[in-house]
Amino acid sequence: MYADAETIRRILTSTGDTWAMVGLSNNRSRAAYGVADVLQRYGKRIVPVHPKAETVHGEQGYATLADIPFAIDVVDVFVNSGLAGPVADEAAAIGAKAVWFQLGVIDEDAYERTRAGGLDMVMDRCPAIEIPRLG
């Protein structure tokens, strides 16, 4: 079980509203684009993180997490599972409070490392599906 209801609720309601979205670009056909839109509608500040560093949904993008010049609360990971572990490690290194691996993004070692490091983590879930369920 990589996503208990209490952790999901805590991340979505009290961890903080600044979400770095790794893999977010202006490609409207990608899941990240739609998820970012939903999170914005629920009051989250989205920060696109993609090698192209594009502005998405009106928010300036950055090439890496380390390039972001302000605090990040949650790192939402849309990259494939093989690349996700290093992103989780980088999230911890920049002082994020939580890491969220999207649907289909699974790295059990990264999950254990991240939790052991004191961060909340959800894996293989989508915040755009979970946030409306909070009521």
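The values are calculated or read from the model by the stated rules, or taken from the named source; none is laboratory data. Keep in mind that what you see is a predicted model, and the values were worked out from it rather than measured. Neighbour counts run over all protein chains shown; Cβ positions are idealised from the backbone, glycine included. Just the protein is used for accessible areas: all its heavy atoms, side chains included, with ligands, DNA and RNA removed. Shrake-Rupley method; radii C 1.70, N 1.55, O 1.52, S 1.80 Å.
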Do we have Val77 as touching a residue at least 12 places away in the same chain (Cβ under 8 Å), touching a Ser or Thr at 6+ places or on another chain (Cβ under 6 Å) and open to solvent by less than 20 Å² (accessible area, probe 1.4 Å) here? no
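In the range 102-119, what count of residues is obtained for those that are farther than 24 Å from Gly34 by Cβ, touching a helix residue (DSSP H, G or I) at 6+ places or on another chain (Cβ under 9 Å) and either among the hydrophobic types (A, V, I, L, M, F, W, C) or in a loop (DSSP other than H, G, I, E, B) (or both)? Full working, then the answer.
From the range 102-119, those farther than 24 Å from Gly34 by Cβ are 108-119; that's our starting set.
Remaining after also requiring touching a helix residue (DSSP H, G or I) at 6+ places or on another chain (Cβ under 9 Å): 109-111, 113-114, 117-119.
Checking the rest, the ones that are also either among the hydrophobic types (A, V, I, L, M, F, W, C) or in a loop (DSSP other than H, G, I, E, B) (or both) come to 110, 117-119.
Of the residues in that region, 4 qualify.
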The correct count of residues that are part of a loop (DSSP other than H, G, I, E, B), open to solvent by less than 60 Å² (accessible area, probe 1.4 Å) and closer than 14 Å to Val22 by Cα in the range 38-71 is 7
Filter the range 7-27 down to the residues that are open to solvent by 40 Å² or more (accessible area, probe 1.4 Å) and in a loop (DSSP other than H, G, I, E, B) and list them by number. Ser14, Asp17, Asn26, Asn27
Within the range 28-37, identify whether any single residue is in contact (Cβ under 8 Å) with a residue 12 or more places away in the chain, assigned to a loop (DSSP other than H, G, I, E, B) and of a type in the set (Asp, Glu), and answer yes or no. no
Can you find, within the range 120-135, the residue that is nearest to the chain's Cα centre (by Cα) among those that are more than 23 Å from Phe70 (Cβ to Cβ) and part of a helix (DSSP H, G or I)? Ala128
Considering only residues that are buried (at least 22 other Cβ atoms within 10 Å of the Cβ) and either hydroxyl-bearing (Ser, Thr, Tyr) or farther than 15 Å from Asn80 by Cα (or both), which ones fall in the range 97-126? Ala98, Thr114, Met121, Val122
